[in-house]
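Have a look at the structure below, then the notes.
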Amino acid sequence: MSQTVVITGANRGIGLALASLYAAQGQTVYALCRTSSTALSALKVNVITDIDVATDVGIANMKQALAGISIDVLVCNAGILRDESLSNFNLATIRAQFEVNAVAPLRVVEALQLQLTHGAKVAMITSRMGSIEDNTSGGRYGYRMSKAALNAASMSLSHDLAPQNVAVGIYHPGYVQTDMVNHGGDISATESATRIVGLIEQLDMSQSGVFRHSNGQVLPW
């Protein structure tokens, strides 16, 4: 049975790979992004541009573009990575990462919650860098804090969406070869996306709110 899949940040990296995989499965894909890319435009998906999920206008554009559409899988993938340290402190980039990485995914789900089908699945693409227990190196204040906040929001969503029988998956994609890390990762975006699609397929209410590595490992908070 064909499903309707909505993906944010779909013009490159993991989002693009997810859109490609779901399209290859024959799913109806709505690929949301600020601007499209040659690779995304080449896919047989519904590309929706001018969607900056960290802005009021972007959320309004998203709601208008998806009005009346029932959603089976919602993947909140859009994110940014900046670098701060105590010796190179930057409050502006910390705040920007909170808006994009933590607040925006919550806004997306809130805006689309009534369009989620009974039994739908929400996938939050987070990072193990949001794990407090797993932090052994410090630094990256904005990214770590924003992803920890996203994890907290995702856990709350797993409870709040339970009455709709909507499960929430919280996924670390791995160290992926994308623009975000100057392609210095150890797995490709396609491999990461393949793992994530598999986890979403297996996701049910018994696993809602579980923080997992894309390889299936349960990660510490």
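Nothing in this text is a laboratory measurement; each read-out follows from the coordinates by a stated rule. These figures come from a predicted structure and were not determined experimentally. For neighbour counting, all protein chains shown are included, and Cβ atoms are generated from backbone atoms with ideal geometry for every residue, glycine included.
Under 5 Å from the amide H of residue 29 lie the amide H atoms of 5, 46, each residue being 5 or more positions distant or on a separate chain, with H modelled from the backbone and absent for Pro and chain starts. Any chance you could give the angle, 0 to 90 degrees and rounded to 10, that helix 141-160 forms with the longest Cα principal axis of the chain? Approximately 40 degrees, to the nearest 10. Packing-based ranking of 31-37, 203-209 yields 31-37, 203-209, ordered from highest to lowest mean Cβ neighbour count within 10 Å.
Across the options 131, 73, 23, the greatest Cα extent toward the positive end of the charge dipole of the chain (unit charges at beta carbon of Lys, Arg, Asp, Glu) belongs to 23.
From the Kirkwood radius over Cα pairs of the range 4-213, Stokes-Einstein at 10 °C and 1.306 mPa s returns a whole-number translational diffusion coefficient of 93 µm²/s. Selection among 166, 42, 109 by position relative to the dipole of the range 4-213 gives 42 as farthest towards the positive end (Cβ unit charges, Cα centre).
Considering only the other residues whose Cβ falls under 14 Å of the Cβ of residue 155, what net charge follows from Lys and Arg at +1 and Asp and Glu at -1? That works out to +1.
Backbone amide hydrogens, once placed in the peptide plane, bring residue 71 within less than 5 Å of 116, 117, excluding anything fewer than 5 places away on its chain. Dipole check for the chain: with +1 at the C-beta of Lys and Arg, -1 at the C-beta of Asp and Glu, and the Cα centre as origin, the magnitude is about 120 Debye. Computed extension gain for residue 90 through residue 64, at 0.36 nm per residue and net of the alpha carbon distance, reaches 5.9 nm.
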